[in-house]
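Where a number appears in this text, it was derived from the coordinates with a stated rule and is not lab data. Small disclaimer: the values here were computed from a predicted structure and weren't measured. Cβ coordinates were reconstructed from backbone atoms using ideal geometry, including for glycine residues, and neighbour counts include every protein chain displayed.
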């Protein structure tokens, strides 16, 4: 059974990884875990309070098939969580790394996005991090997957979920059907 861990912070953007974890767990029997800095409970931007399974500092990437980092206000705060070592270890071990919204800030600061195609919340959004990957930035409403790193804007949770599921080798007709259900609302507009 595949296993994923999602890193959450205080003020995490609950909608960004909710579809991924719900679909993975409910329809694909993926074992889902949650981690926070210090293993402390975290409250989302929508008020959802989560008691994590473990501390982010205790996450061993090789124990999981994917490490997912949820966006939220913490990543651009004056004292963002330091997950650089975890992100670098995840990449070095070839474990799928999913980054959505401002989680891409943490990755940019850690040098993870310097040499892979990626996206985020808009052109220039990551420039203040000092990263060197701006030439590989892709301005898209969808997700970008390159070298087992999946990135997406915070407005793209369905595309993010799809790209992570594909990266885990779990894409099938059921997933296409599920994505189609979410996309149907835009066809009506």
message: Whole angstrom only: what separates the Cα centroid of segment 44-59 from the Cα centroid of segment 123-189?
response: 23 Å
- line: Length gained if residue 58 through residue 29 is fully extended, taking 0.36 nm per residue and subtracting the Cα-Cα distance, is 8.1 nm
- request: Would you order 150, 158, 50, 83 from fewest to most other beta-carbon atoms within 10 Å of each residue's own beta-carbon?
  value: 50, 158, 83, 150
task: Only helical DSSP H runs with n ≥ 4 go in: add -39500 (n - 2.57) per run for the chain, normalise by residue count and round the 222 nm mean residue ellipticity to 500 deg cm²/dmol.
output: -9000 deg cm²/dmol
task: Compute the Cα gyration tensor for segment 79-160, then decide on rounded, prolate or oblate, letting a ≥ b ≥ c be the square roots of its eigenvalues: rounded whenever a/c is under 1.5, prolate when a/b is larger than b/c in the other cases, and oblate in all that remain.
output: rounded
- line: So, relative contact order of the chain in percent, Cα under 8 Å, 6 or more apart, is 19 percent
message: Between 76, 92, 117, where does the largest GNM mean-square fluctuation fall for the chain, given springs only between Cα atoms within less than 10 Å?
response: 92
query: Going by how many other Cβ atoms sit within 10 Å of their own, how do 54, 168 line up, fewest first?
result: 54, 168
- request: Could you work out which residue, out of 61, 80, 52, moves most in a Gaussian network model of the chain, that is, has the largest mean-square fluctuation with Cα springs under 10 Å?
  value: 80
task: Within 10 Å of each residue's Cβ, count the other Cβ atoms and sort 51, 1, 165 from fewest upward.
output: 1, 51, 165
- request: Mind sorting out which of [x] 64, 30, 25; [y] 41, 37, 33; [z] 70, 41, 23 is the real Cα extents along the principal axes in Å computed from the coordinates?
  value: [y]
